[in-house]
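J.: Sharing a structure below in structure tokens format, with a few things to ask.
The values are calculated or read from the model by the stated rules, or taken from the named source; none is laboratory data. What you see is a predicted model, and the numbers here were worked out from it, not measured in a lab. Here Cβ is always computed from backbone atoms with ideal geometry, including for glycine, and neighbour counts include all displayed protein chains.
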């Protein structure tokens, strides 16, 4: 229970005022524990950031997205399933994604965690794209790795947030636009 309270406090404080601005003492105060407990339970600031990244990248939602996409019958329906999954995952862990992304430029540890998250993301996308290739819907000139990178480029959190929030398109319009772009780039015409 203590560990969960510390993680919850870090998640809140890393979002505002930010990872770099948050101290272990502030996390401890928010979680109502001692700073020594933060270090012992979670490995301090960096350990907490890694824990948050693990929560983001190993969420049961990720497994459900892969399973649901595998069950879809066409390349386009796999992409649509993936898009719905992205929206659900962003709702669940979008704050963590932003925390790690914002911390990365000024923290080598955060950049390392973001790199791990990106590798995990691309590996999951390759699994989905292999399913598209297996049913014969992947464009002949596009490799599984390139298709996964194209999806990654379009759907990673900063682009998704840009379309949903900055452009004010909302989730439905943004996901449809992204699916259309990715489908045009990787699926057979």
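J.: Pick out the one residue from 160, 153 that is in a helix (DSSP H, G or I) and crowded, with 17+ Cβ neighbours inside 10 Å.
T.: None of the other options fit; the residue is 160.
Here is a yes/no grid of residues against (1) assigned to a helix (DSSP H, G or I); (2) out of contact with any helix residue (DSSP H, G or I) (no Cβ under 7 Å at 6 or more places or on another chain); (3) surrounded by fewer than 19 Cβ atoms within 10 Å (Cβ to Cβ); (4) not assigned by TED's automatic domain parsing to the domain that holds residue 177:
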residue: 48; (1), (2), (3), (4): yes, no, no, yes
residue: 62; (1), (2), (3), (4): yes, no, yes, no
residue: 76; (1), (2), (3), (4): yes, no, yes, no
residue: 79; (1), (2), (3), (4): yes, no, no, no
residue: 90; (1), (2), (3), (4): yes, no, no, no
residue: 105; (1), (2), (3), (4): yes, yes, yes, no
residue: 109; (1), (2), (3), (4): yes, no, yes, no
residue: 129; (1), (2), (3), (4): yes, no, no, no
